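Below is one structure; the comments refer to it alone.
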Amino acid sequence: MKKNKLNAVVLLIAGVIMAKGQVGIGTSSPDPSANLHVAPRNSSNQNKGTLLGTMTTQNRNSIAQPATGLMIYNTTDNCLQINNGTPASPKWECLSEQPEAFGSMNFGRYKPFYWGMTSGTIPASQSGVPPYSPTNTRLYGAYTANGNFASNDIFRVDVARINGDSYAPILYNISGEAININYNTVTYGNPTFRTNVLLNDKQGSLVDGNFTTYFVEAQNIYVTLNYPDKWTQRKFLIGFNVFKEDYSSTISSGGNGSGKINQSMISYIFEFK
């Protein structure tokens, strides 16, 4: 029994070398600048990677007091994320392949995108906005085979169908708590300035000037947070842009013109640093 325990201990530490307070995995000479050095090859001389904790956004948000600099792989957003906030006010950000001088961007792409795709419509009023649910078939986002819409740790954008030939971009709060925001936009000559907008968790707001948007319009809104205090310095530019992935015809105002199956929407959430 003692011999078996000894063998187990030897196997456990065989690939781990400690020198001068440093830890080397697969190497007997960890780099002097590193506390932990993981070699790219194992004992069989096979190239291997290093796997961080993989989890969904919901799993990540359940981490209590995540340390500043904590890293995980987010399987919801399909990116390596780091907490650039504090344990009390975490700010999870994806690590991009490109340097970002003044902000971070999350994208969504949805195709095809045209009128009549959802199971029903919503009224052209703030009171008619349904709570966010990934399975609400009045929202385009429920039809995941067509793609997705941009989201981050606070916001998700989605789209609903309005009676007639227009759609409604919606800004949803998915933070898990109530927020208070200001935003402004200009769409089709209709300026909108909304201040002190209270959004409970899963509650959304129509962002268009007159609550309806034609398919030839683009929506770009500037959003600032007033509450809670931990997020008051965060500022966002959020956009919905429809385009056609061919040159055979132009997009019709009502979205149901020729070649509508080649119409796409790119949505984004850009957070200023």
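Sort out which residues of segment 180-194 are more than 12 Å from Glu217 (Cα to Cα) and surrounded by 20 or more Cβ atoms within 10 Å (Cβ to Cβ), and write them in order of number.
If the condition is that a residue be more than 12 Å from Glu217 (Cα to Cα) and surrounded by 20 or more Cβ atoms within 10 Å (Cβ to Cβ), then Ile181, Thr185 are the ones that fit.
Can you tell me which residue is nearest to the chain's Cα centre (by Cα) among those in segment 170-179 that are open to solvent by 10 Å² or more (accessible area, probe 1.4 Å) and not polar (S, T, N, Q)?
Here is the first cut: in segment 170-179, the residues open to solvent by 10 Å² or more (accessible area, probe 1.4 Å) are 174-178.
Then keep just the ones that are not polar (S, T, N, Q); that gives 174, 176-178.
Working: Ile174: 10, Gly176: 14, Glu177: 17, Ala178: 18 Å.
For segment 170-179, the residue satisfying everything is Ile174.
Give the residues of segment 211-226 that are over 17 Å from Ile269 (Cβ atoms) and open to solvent by less than 70 Å² (accessible area, probe 1.4 Å), sorted by residue number.
So the first thing to find is which residues in segment 211-226 are over 17 Å from Ile269 (Cβ atoms), and the list is 211-217, 226.
Answer for segment 211-226, where residues must be over 17 Å from Ile269 (Cβ atoms) and open to solvent by less than 70 Å² (accessible area, probe 1.4 Å): Phe211, Thr212, Thr213, Phe215, Glu217, Asn226.
Condition first: under 21 Å from Ala160 (Cα atoms), assigned to a loop (DSSP other than H, G, I, E, B) and among the polar types (S, T, N, Q). Now tell me which residues in segment 249-273 satisfy that.
Passing the criteria: Ser252, Ser253, Asn256.
Of everything in segment 103-125 that's not β-branched (Val, Ile, Thr) and not in a loop (DSSP other than H, G, I, E, B), which residue is most open to solvent (accessible area, probe 1.4 Å)?
Going through the qualifying residues, I end up with Phe107.
Where the second residue is open to solvent by 20 Å² or more (accessible area, probe 1.4 Å) and among the acidic types (Asp, Glu) and the first is touching a residue at least 40 places away in the same chain (Cβ under 8 Å) and lies in segment 227-246, which pairs have Cβ atoms under 9 Å and are six or more apart or on separate chains?
So the pair list comes out as Pro228/Glu177.
Would segment 74-97 turn up any residue that is in a loop (DSSP other than H, G, I, E, B), at pLDDT below 90, aliphatic (A, V, I, L, M) and surrounded by fewer than 16 Cβ atoms within 10 Å (Cβ to Cβ)?
Checked segment 74-97: at least one residue is in a loop (DSSP other than H, G, I, E, B), at pLDDT below 90, aliphatic (A, V, I, L, M) and surrounded by fewer than 16 Cβ atoms within 10 Å (Cβ to Cβ).
Among Ile154, Ile181, Ile170, Ile162, which is among the hydrophobic types (A, V, I, L, M, F, W, C), closer than 29 Å to Gln81 by Cβ and out of contact with any Leu (no Cβ under 7 Å at 6 or more places or on another chain)? Don't jump to the end; show me each part of the working.
Details: Ile181 fails: out of contact with any Leu (no Cβ under 7 Å at 6 or more places or on another chain); Ile170 fails: out of contact with any Leu (no Cβ under 7 Å at 6 or more places or on another chain); Ile162 fails: closer than 29 Å to Gln81 by Cβ.
Result: Ile154 is the single residue among Ile154, Ile181, Ile170, Ile162 that is among the hydrophobic types (A, V, I, L, M, F, W, C), closer than 29 Å to Gln81 by Cβ and out of contact with any Leu (no Cβ under 7 Å at 6 or more places or on another chain).
Please tell me if Asn256 is of a type outside the set (Asp, Glu), surrounded by fewer than 17 Cβ atoms within 10 Å (Cβ to Cβ) and either touching a His at 6+ places or on another chain (Cβ under 7 Å) or at pLDDT 95 or above (or both).
Numbers: of a type outside the set (Asp, Glu): yes; surrounded by fewer than 17 Cβ atoms within 10 Å (Cβ to Cβ): yes; either touching a His at 6+ places or on another chain (Cβ under 7 Å) or at pLDDT 95 or above (or both): no.
In short, no.
From the list Asp229, Asp208, Asp246, exactly one residue is out of contact with any Asp or Glu (no Cβ under 6 Å at 6 or more places or on another chain), acidic (Asp, Glu), exposed (fewer than 15 other Cβ atoms within 10 Å of the Cβ) and within 21 Å of Asn173 (Cβ to Cβ). Which is it? Break it down into steps so the answer makes sense when it comes.
Values: Asp208 fails: exposed (fewer than 15 other Cβ atoms within 10 Å of the Cβ); Asp246 fails: within 21 Å of Asn173 (Cβ to Cβ).
So the residue among Asp229, Asp208, Asp246 that is out of contact with any Asp or Glu (no Cβ under 6 Å at 6 or more places or on another chain), acidic (Asp, Glu), exposed (fewer than 15 other Cβ atoms within 10 Å of the Cβ) and within 21 Å of Asn173 (Cβ to Cβ) is Asp229.
Within segment 126-160, work out how many residues are among the polar types (S, T, N, Q), touching a Ser or Thr at 6+ places or on another chain (Cβ under 7 Å) and crowded, with 18+ Cβ neighbours inside 10 Å.
Step one: list which residues in segment 126-160 are among the polar types (S, T, N, Q), which gives 126-127, 133, 135-137, 144, 146, 148, 151-152.
Pick out the ones that are also touching a Ser or Thr at 6+ places or on another chain (Cβ under 7 Å) and you get 126, 137.
When the remaining residues are screened for being crowded, with 18+ Cβ neighbours inside 10 Å, the result is none.
Qualifying residue count for the region: 0.
The values are calculated or read from the model by the stated rules, or taken from the named source; none is laboratory data. For clarity, every value in this text was computed on a predicted model and none was experimentally measured. Every residue, glycine as well, gets a Cβ built from its backbone with ideal geometry; the counts of neighbours run over all protein chains shown. For the accessible areas, the whole protein counts, side chains as well, though only heavy atoms, and no ligand, DNA or RNA atoms are used. Shrake-Rupley method; radii C 1.70, N 1.55, O 1.52, S 1.80 Å.
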